[in-house]
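Student: Have a look at the structure that comes next, please.
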Amino acid sequence: MRSLIEGYLGVTEEGRKSRLPAKLDWWQSATGLFLGLFMWGHMLFVSTILISNDFMYTVTKMFEGSFIFGDDNSKPILVSIAVFIVFVIFIVHAGLALRKFPSTYKQYKIMKTHTAALKHDDTKLWFIQAYTGFAMFFLGSVHLYVIMTSADKIGPYGSADRMVSDWMWPLYLLLLLAVELHGSIGLYRLSVKWGWFDGKDAKATRAKLKKIKWAVTVFFLVLGFTTLAAYIKIGLEHKANYGERYHPAQTQSLNQTQLYSIQGVHS
Ligand code: HEM
């Protein structure tokens, strides 16, 4: 309780300036950086479905430790543990962000009026960050809980069934929008806040970073929507066989001679 008040007011009980707000700010940045970079990797992993079902299957099995246990004995619990860790970091990040939300309608109105008066782009970005962050409290939690408790159902058919037959696609649509805006604005604000790429001309660097930020947002949104469409297509085609697990095409493990003999080609 004491540290909560200290974190909020920035003053200790003895009236000295507290270091806690700075520490909490550092943790908020660190957890945000982890989640932002994690999401880049995550989107690339999920989008492997655009290459082929087999490729997505192989990558999924790899996360389940197939390189140690083999494909048939892989351990989805490893994915559940990873999700649990990400979930904890996600909750810590969201909890720390709560300090920055206006706590009364009056505070909210004052902030809105100042934003309109300032006409400052980065202040508007802060609002997008707050709205999308708020949406992710709910949307992200549902996704993480579902994936954590049914990690064994990740795969070309399992994921597509979840999207279509289990009706997750509307949630993913909203989550995708929120996460891509939130993530890239967050990474941009982090680089400005901590001056990571500050050169001689900080203003010019900021303008460049802003362009990169938009490019990253557009790239991941296009990739995300295309990926979502691919899963929905598979999910619709697979509706009648809901629950069936994907197995890579048998021909994959055959060599060229065996293939020719199946096809009746003789050299
Ligand atoms: C270790 C943690 C995570 C794992 C293993 C994971 C796994 C997955 C998988 C397998 C899918 C494909 C659909 C499905 O099977 O239901 C997916 C989609 C998605 N995930 Fe995650 N996820 C994780 C964390 C997150 C987080 C933290 C967020 C954002 C808050 C997120 C946002 C999304 C979005 C937006 C999609 C839809 C992507 C698209 O269709 O383009 N995921 N995730």
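Student: When the accessible area of the range 117-181 is split by element with a 1.4 Å probe, what percent falls to carbon and sulfur?
Tutor: Values: 2280 of 3100 Å².
Roughly 74 percent, rounded to a whole number.
Student: Sticking with this one: What angle, in degrees between 0 and 90 and rounded to the nearest 10, separates the Cα long axis of helix 20-46 from the longest principal axis of the Cα atoms of the chain?
Tutor: Tilt of helix 20-46: around 20 degrees.
Student: Using alpha carbon coordinates only, what is the Rg to Rh ratio of the range 58-126, with Rh defined as the Kirkwood radius?
Tutor: Using Cα coordinates only, the ratio equals 1.38.
Student: What is the helix-to-structure angle for 77-98, meaning the angle in degrees between its Cα long axis and the longest Cα principal axis of the chain, kept from 0 to 90 and rounded to the nearest 10?
Tutor: 20
Student: For the chain, what is the calculated [θ] at 222 nm in deg cm²/dmol (nearest 500), taking -39500 (n - 2.57) for each run of four or more DSSP H residues and dividing by its residue count?
Tutor: -24500 deg cm²/dmol, from helical runs alone.
Student: In the chain, which longest range has no chymotrypsin sites (Phe, Trp or Tyr not before Pro) that are both DSSP loop (not H, G, I, E or B) and surrounded by at most 16 other Cβ atoms within 10 Å?
Tutor: So the longest stretch without any such site is 1-166.
Student: I would also like to ask the following. Using only the alpha-carbon atoms, what does the chain span along each of its principal axes? Please give whole angstrom values in decreasing order.
Tutor: Cα spread of the chain along its principal axes, largest to smallest: 86, 42, 34 Å.
Student: What are the semi-axes of the equivalent ellipsoid of the range 118-231, taken as the square roots of 5 times the eigenvalues of the Cα gyration tensor, listed largest first and rounded to whole Å?
Tutor: 33, 14, 12
Student: Step through the residues of the range 186-197 one at a time and calculate ³J(HN,Hα) from phi using the Karplus curve (6.51 cos²θ - 1.76 cosθ + 1.60, θ = phi - 60°), rounding each to whole Hz and writing x for Gly and Pro.
Tutor: My calculation for the range 186-197 gives x, 5, 4, 5, 5, 5, 6, 4, 9, x, 4, 10 Hz in order.
Student: Please arrange LEU171, LEU78 by accessible surface area, largest first, computed with a 1.4 Å probe and ligands excluded.
Tutor: Highest to lowest solvent-accessible surface, that is LEU78, LEU171.
Student: Accessible area per residue, 1.4 Å probe, Å², for the chain: what's the number?
Tutor: Ligands and nucleic acids excluded, the figure is 62 Å² per residue.
Student: Give the aspartates and glutamates whose C-alpha is closer than 19 Å to that of LYS233, dropping any in the same chain fewer than 8 places away, or say none.
Tutor: The reachable aspartates and glutamates, counting only those whose Cα sits under 19 Å from LYS233, are ASP54, ASP161, ASP166, GLU244.
Student: Which residue, ASP201, ASP152, ASP122, has the most motion in a Gaussian network model of the chain that connects Cα atoms within less than 10 Å?
Tutor: ASP201
Student: Would you mind working out the magnitude of the charge dipole of the chain relative to its Cα centre, with +1 at each Lys and Arg C-beta and -1 at each Asp and Glu C-beta, to the nearest 20 Debye?
Tutor: About 1560 debye.
The values are calculated or read from the model by the stated rules, or taken from the named source; none is laboratory data. Computed from a prediction, not measured in an experiment: that's the story for all the values here. FYI the Cβ positions are ideal-geometry reconstructions off the backbone, even for glycines, and counts take in every protein chain you see. In case anyone asks, the SASA skips ligands and DNA or RNA and just uses the protein heavy atoms, side chains included. Shrake-Rupley method; radii C 1.70, N 1.55, O 1.52, S 1.80 Å.
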